[in-house]
1. In the list B:75, B:19, B:45, which residue meets the criterion of being of a type outside the set (D, E, K, R) and facing chain A (nearest Cβ under 10 Å)?
2. Can you tell me which residue within the stretch A:110-128, out of those that are surrounded by fewer than 24 Cβ atoms within 10 Å (Cβ to Cβ) and more than 21 Å from residue A:77 (Cα to Cα), is nearest to the chain's Cα centre (by Cα)?
3. Please tell me if residue B:43 is surrounded by 15 or more Cβ atoms within 10 Å (Cβ to Cβ), closer than 21 Å to residue B:120 by Cα, in contact (Cβ under 8 Å) with a residue 40 or more places away in the chain and touching a strand residue (DSSP E or B) at 6+ places or on another chain (Cβ under 8 Å).
4. Could we say that residue A:112 is modelled with pLDDT under 90 and in contact with a Leu (Cβ under 8 Å, 6 or more places away or on another chain) here?
5. Which residues, taken from the stretch A:146-162, are part of a helix (DSSP H, G or I) and either crowded, with 17+ Cβ neighbours inside 10 Å or touching a helix residue (DSSP H, G or I) at 6+ places or on another chain (Cβ under 8 Å) (or both)?
6. Looking at the stretch A:45-85, which of its residues are within 14 Å of chain B (Cβ to nearest Cβ), at pLDDT 90 or above and within 15 Å of residue A:115 (Cβ to Cβ)?
7. Which one of B:79, B:83, B:2 is surrounded by fewer than 21 Cβ atoms within 10 Å (Cβ to Cβ), part of a helix (DSSP H, G or I) and basic (Lys, Arg)?
8. I'm told residue A:177 meets every condition in (1) touching an Asp or Glu at 6+ places or on another chain (Cβ under 9 Å); (2) outside any helix (DSSP H, G or I); (3) surrounded by fewer than 16 Cβ atoms within 10 Å (Cβ to Cβ) except one. Can you identify the failing condition by its number?
Amino acid sequence: MAKTKALKRPVQQNAHRGYRRQAPTDRRRLVFIAAAVAVVAVVGLIIAGGALRDSNKVSHEAPAEGFVLGSPDAPVTIMAWEDFQCPICKAANASVLKQVEQDYVTAGKAKILFRQFPFLGQESIWAAEASQCAADQGKFWDYHDALFNAQGAENSGALSKANLKRIAGDTGLDLTAFNTCFDSGAHQASVQAEKQEGAQLGISGTPTIFVNGTLVKDWRDYASLKSMIDAALASATKS
Amino acid sequence: MRRLPYLLALLGCLGLGISLYLVTAHYGKKPIVCSGVGDCNYVNSSDYASVAGVPVSLLGVGMYATLIAAALLWSRDWRDERRMIFYWGLALSGAGYAGYLTYVELEILHAVCVWCVGSAIILATSLTLSTAALFWLPAASEVTPARSPATAGRDADARRRSAG
């Protein structure tokens, strides 16, 4: 009996180091458990993030300020909160908003209302202020298009003060008046106020688009956006 | 193989540095330095940059701190399968979520944050290396342990008693 005990001892001593305590099937089992826990954790995080986004309701009331493209009397208002440094805003302007302009704005059925939400850094704020100075000369939309065309990486100098002035010159603005407006910070307060208004409405990113006050969840899908505009048009016609 | 856990801990430190920088920028409300590459501020202020109000960068700090701890724990006994698999599971979840975030950047936001891409590369490398260890490190039952002199002495005693 004593001999048997003595023979077993080395194996037990090694066992505490974990060398012999697991069979190959144990490894497979442990790997499976670890993989399952990892998958559950990742899926949980994705679902938690998605649920939060869905519950992050953006409230909005009737449009008040902003720059209007189209007839101010058009029954449907497409309100777009944008940042001139935002690459998705640039893409939205070149795709769905362009399509809306062709299909509804030129026909007088809808108008696009541009709202400033410069949240991507200093160059966004400068660009927003500069666009207000361009608006003072009645050239907001020309300058708006020129700014999106000049867009580069965030805060990389693409929309520096010097470039904003150069773009103003290229757009045919009166540079003396523009520079006076821009350098004096004439629209600093109004840009900040508009940004704050957006934040209070719950806007956290751009573009955020509404059709007659209703948030467009999937604005990339033009069919979905179109059906919302058509519904708003039908509702406006009835009333 | 013995040095792999240390290498993984080092990778974790790099990732921790990135996450800490992004957390500091988030709470300090400072623009993220992007060196003109990508759209870091846009990505990190998007709806996808937080989970239940917690910034993803803060989740990253927690993930990397746990990965470093797991790697150091593994380094104390590099043959321990449980420690290796624990690390591997963490790396899998980290790399899986980083993969999802990279998909969001490319397919939903259409914008890239270089810091996030760097973090995703670190996690993918950690997962690859630990997966390789999982394949290459022999199963515990196949390992013949190196005997310490004390153990060898006891074995010899046992053999003598058995023979006697």
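1. Values: B:75 fails: facing chain A (nearest Cβ under 10 Å); B:19 fails: facing chain A (nearest Cβ under 10 Å).
Result: B:45 is the single residue among B:75, B:19, B:45 that is of a type outside the set (D, E, K, R) and facing chain A (nearest Cβ under 10 Å).
2. Residue satisfying both the conditions and the ranking: A:119.
3. Values: surrounded by 15 or more Cβ atoms within 10 Å (Cβ to Cβ): yes; closer than 21 Å to residue B:120 by Cα: yes; in contact (Cβ under 8 Å) with a residue 40 or more places away in the chain: yes; touching a strand residue (DSSP E or B) at 6+ places or on another chain (Cβ under 8 Å): yes.
Taking the combined requirement at face value, the residue satisfies it.
4. Working: modelled with pLDDT under 90: no; in contact with a Leu (Cβ under 8 Å, 6 or more places away or on another chain): yes.
Spelling it out, it is not the case that residue A:112 is modelled with pLDDT under 90 and in contact with a Leu (Cβ under 8 Å, 6 or more places away or on another chain).
5. Going residue by residue through the stretch A:146-162, those that are part of a helix (DSSP H, G or I) are A:146-150, A:161-162.
Scanning the stretch A:146-162 gives A:146, A:147, A:148, A:150, A:161.
6. Let us first name the residues in the stretch A:45-85 that are within 14 Å of chain B (Cβ to nearest Cβ), namely A:45-58, A:81-85.
When the remaining residues are screened for being at pLDDT 90 or above, the result is A:81-85.
Scanning the stretch A:45-85 gives A:81, A:82, A:83, A:84.
7. On the way: B:79 fails: part of a helix (DSSP H, G or I); B:2 fails: part of a helix (DSSP H, G or I).
Exactly one residue qualifies, and that residue is B:83.
8. It is condition (2) that residue A:177 fails.
The values are calculated or read from the model by the stated rules, or taken from the named source; none is laboratory data. In this text, all values refer to a predicted model and were calculated from it rather than measured experimentally. No Cβ is skipped: glycine too gets one built from the backbone with ideal geometry, and neighbour counts run over all protein chains shown.
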